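Chemist: I'd like to ask you about the structure that follows.
The values are calculated or read from the model by the stated rules, or taken from the named source; none is laboratory data. Bear in mind that the values here come from a model prediction, so they are computed numbers and not experimental data. Because the Cβ atoms are built from the backbone with ideal geometry, glycine has one as well, and the counts that use them run over all protein chains shown. Ligands, DNA and RNA are excluded from the accessible area calculation, which covers all protein heavy atoms including side chains. Shrake-Rupley method; radii C 1.70, N 1.55, O 1.52, S 1.80 Å.
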Amino acid sequence: MKIVCKILVFFIFVFSSLNAEIRAIWLPIWELTTYQKIDDAMQEIAENNFNQVLVQIRYRGDAAYIPNRANGFYNNKEMRYHALSDSILDPFAYLIEVARKQNIEVHAWVPVFVITGHKLEKLTSQNLYFTKPEWITADSTGQKMNYLSHSGAFLDPGILEAQKYAENLIMDIAVNYDIDGIHLDYIRYPDIEFGYSNLALKRYFSENNDVENWQNWKEE
């Protein structure tokens, strides 16, 4: 399979108690950049008897869908994924339409707190890395996370505004697209050394007097 070779992973879950078998595969965002790519991917998925596809519609603070497509209740200002062709208007809506004809479930795969890759030139000027630098997590020395480390720079999950931003974009997808589920990725800290942004620390000490509770607070 070309798709499996490209993403190097697929998974199968069997729920015997429900008498239902889920044969699911991840589809990365770069397979959504043209109508032909979507058609080819979905045909291959159907031919290989998958019945669920987890579609990456956000890469690094960007969108392979239309934010606030019909219902704008949840404010979502994410910009268009840079590699989408000019001719493809709403790749996610088109994929859902194709998948329904093939009786394949569609789940939105959404990386949450990682908002850059290792190449900043691929980001728009509206990316949160540039517009909300105070939301980027920091290490225990107060050093802002380097976009070249890990999978890219992360928002700090301890910042309420960053949490609300993530909630809005997830809810926006849920109310505007006919999906069967949402697959949350990178909904965590980069590692235990991070979480020390000024806004997160300010929030923590407004709620806690016990420094020993720090890791528990981060987990919560």
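Chemist: Give just the number: which of (1) at pLDDT 95 or above; (2) open to solvent by 70 Å² or more (accessible area, probe 1.4 Å); (3) under 19 Å from GLY181 (Cβ atoms) does VAL53 not satisfy?
Modeler: Status for VAL53: all satisfied but (2).
Chemist: Report yes if ILE170 is at pLDDT 95 or above and either part of a helix (DSSP H, G or I) or over 23 Å from MET79 (Cβ atoms) (or both), otherwise no.
Modeler: Yes: the conditions hold for ILE170.
Chemist: Can you tell me how many residues within region 161-207 are in contact with a Lys or Arg (Cβ under 7 Å, 6 or more places away or on another chain) and either farther than 30 Å from ALA24 by Cα or open to solvent by 30 Å² or more (accessible area, probe 1.4 Å) (or both)?
Modeler: Selection size over region 161-207: 2.
Chemist: So, in region 102-149, how many residues would count as being open to solvent by 70 Å² or more (accessible area, probe 1.4 Å), in contact with a Gly (Cβ under 8 Å, 6 or more places away or on another chain) and under 30 Å from ALA46 (Cα atoms)?
Modeler: Residues in region 102-149 being open to solvent by 70 Å² or more (accessible area, probe 1.4 Å), in contact with a Gly (Cβ under 8 Å, 6 or more places away or on another chain) and under 30 Å from ALA46 (Cα atoms): 1 in total.
Chemist: Using beta carbons and a limit of 6 Å, which pairs, at least six apart or on different chains, have the first residue in region 132-156 and closer than 18 Å to HIS118 by Cα and the second one of a type in the set (Asp, Glu) and at pLDDT 95 or above?
Modeler: That search, which allows pairs on different chains as well, returns THR137/ASP156.
Chemist: Specify which of the listed residues (LYS202, LYS218, LYS164) is basic (Lys, Arg), more than 18 Å from ARG58 (Cα to Cα) and free of Cβ contacts under 8 Å to residues at least 12 places away in the same chain.
Modeler: After applying the criteria, what remains is LYS202.
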